[in-house]
2 protein chains.
Amino acid sequence: MKARAAAAAARPAGDDGNRRGDILAAAGRLFREKGFKATTTRDIAAAVGMRSGSPFYHFKSKHDMLLAVMLDGIRTIHDSVEAAAAGIADPRQRFAVMARAHMQALLGPGGRDFAAAVLHETRALEPAAAAEVGARKGAYELLWSELLGELQAAGALRGDLALTRLLILGALNWTTQWWDPAGEAGPAAIADQLTLLVLGDLP
Amino acid sequence: MKARAAAAAARPAGDDGNRRGDILAAAGRLFREKGFKATTTRDIAAAVGMRSGSPFYHFKSKHDMLLAVMLDGIRTIHDSVEAAAAGIADPRQRFAVMARAHMQALLGPGGRDFAAAVLHETRALEPAAAAEVGARKGAYELLWSELLGELQAAGALRGDLALTRLLILGALNWTTQWWDPAGEAGPAAIADQLTLLVLGDLP
DNA sequence: CCTACCGATCGGTAGG
DNA sequence: CCTACCGATCGGTAGG
């Protein structure tokens, strides 16, 4: 503790000058653009103005960077969707609001790169990391399972709920493959179109 | 032509003993399981019982293998969905049939590995190959655009058609990320659930 | 956080 | 299709 305090003496506690955060942001962007395997730690270092060996002062390994990016991505989406849904009792209204929050976290400037890693790089994780990511994803998806259960009870949905959840989240998550930030449709418009498709109208 | 005929003299024309096809099948499976970048040409060679340099007797490069896998995947899906839709005038019935055909081509034993490459490895293509793949994907998606136009004219859909097509195909294509061949729901059941979600009932 | 470096791996090729 | 190999690249480390 003393030794570590000395190294960070010139800065407030818990703040490493944000170099760690810079690396994560660059890694997230590069992972999304080129994929985890095709991104080199040298790419990441160059993106933040470091030499090739320096990212390893902040992260034990490239896999550790990926895990950090993914956990950040899941937390952003979970927190933002949970906050948006809080206090909305009507399941149809909650669906519309949660779809919008999911899309804004998925495509918005803050979380886009992190979310993309969550959705497309699970394969690259080592077993222990995959288990942790899987558990956190499962916790988030519970929000949707509960909602869909209420919608079915209200007569707004038919059929298998687990399958329905996978199809709905699939439609939303697939947007990371085609969405263009310069295009006409923004996150909210996409979410609303999905709500229209699933519920028949906007609540 | 004469020179090529000599090399294949011992076999029927157009048949190279299926070694080329073996390589493509192994490459498709490995690309799906590990991704293009994480699959080595040595992995592919080993999977068909060859030495490391031998796949390059059949393909000019690893990128060429990927392109061949992807074009095969698009052709399989396009042909099979087009054949299934032929002669079905009612758009609601055609939707159900096309969704089933799409899912069977996407997850079935014949095309699963090839389709996964189409959906997840576009990033790895070189520009010229990406243009060709993009054009063929566009030709396939026209089948869906026409169908959705008819559905909207019949009052079964509302809102933006391009967005709706992307969401519907997204829901279907995302299945490659979670579908388990050993699970309960098969391709047809998944397709039917999507039809239920979009049309409100099964036509 | 940099310098200098290592061991391993990889796509691809020459020549047979 | 194999043998033998090359040049480049990559994740990671020691020492400062």
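The values are calculated or read from the model by the stated rules, or taken from the named source; none is laboratory data. Remember, it's a predicted structure, so these values are computed and weren't measured experimentally. Cβ: placed from backbone, ideal geometry, glycine included. Neighbour counts: every protein chain shown.
Details
- Neighbours by Cβ (under 8 Å, 6+ apart or cross-chain): first from the stretch B:186-199, within 7 Å of another protein chain (Cβ to nearest Cβ) and without any contact (Cβ under 8 Å) to a residue 40 or more places away in the chain; second assigned to a helix (DSSP H, G or I) and crowded, with 22+ Cβ neighbours inside 10 Å: B:Gln193/A:Thr164; B:Gln193/A:Leu167; B:Leu197/A:Thr164; B:Leu197/A:Leu167; B:Leu197/A:Ile168; B:Leu197/A:Val198; B:Leu197/B:Ala171
- Taking the criterion of being assigned to a loop (DSSP other than H, G, I, E, B) and either surrounded by fewer than 15 Cβ atoms within 10 Å (Cβ to Cβ) or modelled with pLDDT under 95 (or both), the residues of the stretch B:42-52 that qualify are B:Gly49, B:Arg51, B:Ser52.
- Annotation: B:Pro55 fulfils all but one of (1) modelled with pLDDT under 95; (2) surrounded by 20 or more Cβ atoms within 10 Å (Cβ to Cβ); the unmet one is (1).
- Qualifying residues in the stretch A:53-76 (those that are touching a helix residue (DSSP H, G or I) at 6+ places or on another chain (Cβ under 7 Å) and in a loop (DSSP other than H, G, I, E, B)) - the one nearest to A:Gly21 (Cα to Cα): A:Phe59
- Look at (1) within 16 Å of DNA strand D (Cβ to nearest atom); (2) within 22 Å of A:Ala105 (Cβ to Cβ); (3) in contact with a helix residue (DSSP H, G or I) (Cβ under 6 Å, 6 or more places away or on another chain) and you find that A:Ala47 fails only one, number (2).
- Test for A:Leu66: is it surrounded by 21 or more Cβ atoms within 10 Å (Cβ to Cβ) and either assigned by TED's automatic domain parsing to the domain that holds A:Arg112 or more than 25 Å from B:Gly35 (Cβ to Cβ) (or both): yes
- As for the stretch B:23-41, it holds at least one residue that is near DNA strand C (Cβ under 8 Å from one of its atoms), within 24 Å of the chain's Cα centre (by Cα), away from chain A (no Cβ under 14 Å) and modelled with pLDDT of 95 or more.
- Residues of the stretch B:142-164 that are more than 11 Å from chain A (Cβ to nearest Cβ) and not hydrophobic (A, V, I, L, M, F, W, C): B:Ser145, B:Glu146, B:Gly149, B:Glu150, B:Gln152, B:Gly155.
- Every pair of residues 6+ apart whose Cβ atoms lie under 7 Å, when the first sits in the stretch B:142-163 and is on the phi > 0 side of the Ramachandran plot while the second is surrounded by 14 or more Cβ atoms within 10 Å (Cβ to Cβ): B:Gly159/A:Gln193; B:Gly159/A:Leu196
- B:Asp79 vs. criteria acidic (Asp, Glu), more than 24 Å from B:Leu166 (Cβ to Cβ) and assigned to a helix (DSSP H, G or I): no
- B:Asp180 being outside any helix (DSSP H, G or I), without any contact (Cβ under 8 Å) to a residue 12 or more places away in the chain and within 25 Å of B:Gly35 (Cβ to Cβ): yes
- Only one of A:Ala84, A:Ala96 that is more than 16 Å from DNA strand C (Cβ to nearest atom) and over 20 Å from A:Leu166 (Cα atoms): A:Ala84
- The stretch A:63-77 residues that are within 14 Å of chain B (Cβ to nearest Cβ), paired with ones that are away from DNA strand C (no atom under 16 Å from the Cβ) and assigned to a helix (DSSP H, G or I) (beta carbon under 7 Å, 6 or more apart): A:His63/A:Ala129; A:Leu66/A:Phe31; A:Leu66/A:Ala117
- From the list B:Ala135, B:Ala131, B:Ala139, the lone residue that is aliphatic (A, V, I, L, M), away from chain A (no Cβ under 14 Å) and in contact (Cβ under 8 Å) with a residue 60 or more places away in the chain is B:Ala139.
- Number of the exception - B:Pro127 against (1) more than 23 Å from B:His63 (Cα to Cα); (2) over 19 Å from the mean Cα position of the chain (by Cα): (1)
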